[in-house]
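Here the structure is laid out as structure tokens; the discussion comes afterwards.
The values are calculated or read from the model by the stated rules, or taken from the named source; none is laboratory data. Just so it is clear, the structure is predicted and the values come from calculations on it, not from any experiment. No Cβ is skipped: glycine too gets one built from the backbone with ideal geometry, and neighbour counts run over all protein chains shown.
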Amino acid sequence: MIISDVVVGLQHGDEGKGKVTYDLLKNNSYHYSIRYNGGPNAGHTIYIDSNNKVVLHQIPIGILLEKPSIIGTGCVIDIDKLEEEIIYLENKGFKHVRENLLISHNAHIIQSAHIQIDKAKNSLGTTGCGIGPCYVDKYDRKGIRVLDKLELFKQLHLTVISVPEYFSLLNNYHFQILFEGAQGFSIDIDWGDYPYCTSSSCVSGAISNCGIPASTIRHVYGCCKLYDTYVGSKTFQPDNEPYLEQLGIIGKESGATTGRKRQCNWLNLKDLKNSIIVNGCTHIIFNKCDIFQQIKVNKLLNSFDESLSYTYEPKHLKSFEFKDFELFKNYIIEQLSNISLHTKSMSFQFSSSPYNI
């Protein structure tokens, strides 16, 4: 029997999924950790303690706690960067990295040509890691999969598995799995601001792409911030908003993969509602509350002009400001409660720590 919990991003990525995933793995009895989408474009930052920061791009966070960790079918893999990441972890003193890292046999492999194409056509502000071109080849049925390069993974001393077959052999046991999502709902290939989006499915139901049915999902932990950030080519941050500039500086808002500066905007409550509904969230975790409170402005966005095309450009959004943080927080909880399409109750947590929920 399998019980699955999923950590998802509810905004444009960079919502603290790494911290939440690590905290859940550390404090609960999960047997496996699985990444189910994306590739080296992800940058999940974890603080083991105040002096030990780890940034992972392809490897699931469970590896830091010596849990069996799977790179799932929905992911795309850069083998050279994967080897670099393994060595990086080994040099930091993490044990049994290769023994605990399992690779899905039908995940696709990023080729050097994919990276070249991505960098040459990077008008959408992607990370340039070859993610999009690799997914293009996958859906054009001319991609290269892990099972086509088994020898390379053997050389790295890594185990390749078929996920459904692997777990069916262990069918008599009870397992709890934590799925770790990459990126976020607002850049999902189907639900994001197309074409300013990533190339994979970021929603909780995408765990089925790994060979584990979505019917096993128990909890969905949706991660977000009390403000929103975005890295890419579109206009996202309004002009003449000094408090948003402050948020970017105080919050050290730069991408963990590329180091690019993130644009900041106020929390978009309407989009957050859609994200919660589609992901079927049971828990909402607002991160960086300490950063937001430092600017002492309690502002959010809750609608846009329906007569205009769907866009995040700030001129189409209406902002609301609250006198104090408690009123702001209570309004958010009130607006988000009871919107899910499932019957489970929803909890809200407001986190001010970089180390735990």
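The single residue among Lys273, Lys288, Lys234 that is among the charged types (D, E, K, R), at positive phi and not assigned by TED's automatic domain parsing to the domain that holds Tyr139 turns out to be Lys288.
Would you check if Tyr221 is in contact with a Ser or Thr (Cβ under 8 Å, 6 or more places away or on another chain) and either under 26 Å from Leu336 (Cβ atoms) or not assigned by TED's automatic domain parsing to the domain that holds Ser319 (or both)? Here the answer is yes, as Tyr221 does meet what is asked.
Being within 16 Å of Thr73 (Cα to Cα), in contact (Cβ under 8 Å) with a residue 12 or more places away in the chain, buried (at least 17 other Cβ atoms within 10 Å of the Cβ) and in contact with a Ser or Thr (Cβ under 9 Å, 6 or more places away or on another chain) holds for only one residue in Gly143, Gly181, and it is Gly181. Criterion applied to Ser168, Ser233, Ser199 was being under 17 Å from Gly39 (Cα atoms) and of a type outside the set (Phe, Trp, Tyr), and the one residue passing it is Ser199. Of the set (1) at pLDDT 95 or above; (2) farther than 30 Å from Asn51 by Cβ; (3) crowded, with 20+ Cβ neighbours inside 10 Å, all apply to Ser112 but (3). One residue stands out among those in segment 218-234 that are at pLDDT 95 or above and of a type in the set (Lys, Arg): the one that is farthest from the chain's Cα centre (by Cα), which is Arg218. Across segment 189-224, the qualifying residues are those that are in a loop (DSSP other than H, G, I, E, B) and in contact with a Leu (Cβ under 9 Å, 6 or more places away or on another chain), and the one among them that is farthest from Asn287 (Cα to Cα) is Pro195. Candidates are the residues of segment 76-98 that are in contact (Cβ under 8 Å) with a residue 60 or more places away in the chain and not β-branched (Val, Ile, Thr); the one that is surrounded by the most Cβ atoms within 10 Å (Cβ to Cβ) is Leu82.
Figure legend. Inter-residue proximity from segment 223-239: first residues buried (at least 24 other Cβ atoms within 10 Å of the Cβ), second residues modelled with pLDDT under 90 and among the aromatic types (Phe, Trp, Tyr), beta-carbon distance below 9 Å, spacing 6+ or different chains. Indicated pairs: Asp228/Tyr312; Tyr230/Tyr312. You will find that of Ile48, Ile34, Ile77, Ile61, the residue that is at pLDDT 95 or above, among the β-branched types (Val, Ile, Thr) and more than 24 Å from Lys138 (Cβ to Cβ) is Ile61 and no other.
Those strands (runs of 3 or more DSSP E) of segment 14-76 in which at least 1 residues are in contact with a strand residue (DSSP E or B) (Cβ under 7 Å, 6 or more places away or on another chain) and over 16 Å from Leu101 (Cα atoms), considering only elements entirely within it, cover 44-49, 52-56. Being over 16 Å from Tyr221 (Cα atoms), surrounded by 15 or more Cβ atoms within 10 Å (Cβ to Cβ) and at pLDDT 90 or above is a property that Asn287 lacks.
Is it fair to say Cys281 is outside any helix (DSSP H, G or I), in contact (Cβ under 8 Å) with a residue 40 or more places away in the chain and crowded, with 20+ Cβ neighbours inside 10 Å? When the stated conditions are applied, Cys281 passes them.
With respect to (1) in contact (Cβ under 8 Å) with a residue 40 or more places away in the chain; (2) touching a Pro at 6+ places or on another chain (Cβ under 9 Å), the lone exception for Gly38 is condition (2).
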